[in-house]
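Student: First the structure, which I've put down as structure tokens, then a few questions once you've had a look.
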Amino acid sequence: MLNGRLDKYLYICKTRIIRSFTYKFDVYGNILMQSIIMITTAFFWKALFGNETFENGVTADSMMTYTVMSSALSVLFTTGVERRIQQSVEKGSIATDMMRPVNVFGIFLAEDIGSLIALLVQNLLPILLIGSLLIKVPAIVSLSAIPMFVASLFLSMAINWLLAAIFGMWAFTAISMDALYQVKKHLIRLLSGSIIPVWFFPDWLANILNLLPFVYIYQLPLDIYIGSATNNEICRRMLIQLVWALVLAALFYLLSKKVLKKVMVQGG
């Protein structure tokens with residue numbers, strides 16, 4: 001029974017991959033826009049840093065790697081679950097989706113995984129190539145950092161998707177989510193260290209951000225990648241990252257049960 005259900009999710013994932021490869025114009029536009037942002041940011045950090053080295057050992061060279069990898073990670077953190085929930089609620093298809101022999105949020109997750117696999121080829125590799133040619137080859141600080149980076153990255157992706165899914169559940173009560181999507185998207189990019197690393201923020205603000213889940217999306221895996229934190233510090237922060245992933249998973253579970261129960265009672 002479990003294998004049969006897994007096959008259904010794999011089929012949904014495969015369908016999404018095939019569909020993603022048909023929208024080539026959107027892919028080219030995203031690559032161009034992300035490349036412009038990446039190159040502009042790199043020149044800004046290069047002009048700002050010069051030959052200086054900050055207290056945490058970050059240099060202009062490190063910031064070039066940080067910029068390229070941040071642009072690459074933005075591809076991995078692309079989600080469609082919010083839009084998918086909104087569309088299902090607006091069209092009234094959420095009740096129909098619930099009648100399928102798979103969990104409705106499992107469907108959305110499988111679709112996002114399929115889109116992610118397609119983006120690895122369509123967007124991630126071109127951005128890394130452009131960044132390597134025009135800015136710097138983004139080499140990791142050491143081979144020993146790879147396991148921690150990969151583990152942190154998976155937790156980052158989980159936190160990002162869970163935040164998106166939880167946020168998307170507002171569609172069950174809100175009339176329109178379009179403006180909120182844009183606010184949420186740019187707010188996370190700003191507070192997560194994607195655009196400006198948290199070390200540049202005032203200490204009081206950085207301390208607050210380190211208690212929130214956003215910095216564990218971009219900032220932590222990037223810190224591991226460029227080696228701007230000690231192993232003890234990384235282990236401590238990865239523990240907080242794991243706690244946030246579990247807390248958000250529990251919150252997602254409770255909210256999904258609540259909204260799906262509401263749909264079943266009211267009929268969508």
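The values are calculated or read from the model by the stated rules, or taken from the named source; none is laboratory data. Please read all numbers here as calculations on a predicted model, not as lab measurements. Cβ placement follows ideal geometry from the backbone for every residue including glycine, while neighbour counts extend to all protein chains displayed.
One line per residue, one yes/no per condition, for (1) among the acidic types (Asp, Glu); (2) modelled with pLDDT of 85 or more; (3) in contact with a strand residue (DSSP E or B) (Cβ under 9 Å, 6 or more places away or on another chain); (4) assigned to a helix (DSSP H, G or I):
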| position | (1), (2), (3), (4) |
| --- | --- |
| 116 | no, yes, no, yes |
| 119 | no, yes, no, yes |
| 129 | no, yes, no, yes |
| 138 | no, yes, no, no |
| 141 | no, yes, no, no |
| 147 | no, yes, no, yes |
| 154 | no, yes, no, yes |
| 165 | no, yes, no, yes |
| 174 | no, no, no, no |
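Student: For residue 47, state whether it is more than 22 Å from the chain's Cα centre (by Cα) and closer than 30 Å to residue 64 by Cβ.
Tutor: So residue 47 fits the description; yes.
Student: What are the residues in segment 229-253 that are in contact with a helix residue (DSSP H, G or I) (Cβ under 7 Å, 6 or more places away or on another chain) and closer than 22 Å to residue 64 by Cα, if any?
Tutor: Those that are in contact with a helix residue (DSSP H, G or I) (Cβ under 7 Å, 6 or more places away or on another chain) and closer than 22 Å to residue 64 by Cα: 229, 234.
Student: Select from segment 58-91 the residues that are within 20 Å of residue 118 (Cβ to Cβ) and in contact with a Leu (Cβ under 8 Å, 6 or more places away or on another chain) and write down the one among them that is surrounded by the fewest Cβ atoms within 10 Å (Cβ to Cβ).
Tutor: Our first condition is that a residue be within 20 Å of residue 118 (Cβ to Cβ); within segment 58-91, this holds for 71-84, 87.
This time we only want the ones that are in contact with a Leu (Cβ under 8 Å, 6 or more places away or on another chain), so: 72-73, 75-76, 78, 81.
Numbers: 72: 18, 73: 22, 75: 20, 76: 18, 78: 14, 81: 22.
Of everything passing the filter in segment 58-91, 78 is surrounded by the fewest Cβ atoms within 10 Å (Cβ to Cβ).
Student: Under the condition of being over 24 Å from residue 11 (Cβ atoms) and among the charged types (D, E, K, R), which residue from segment 61-112 is modelled with the highest pLDDT?
Tutor: 61
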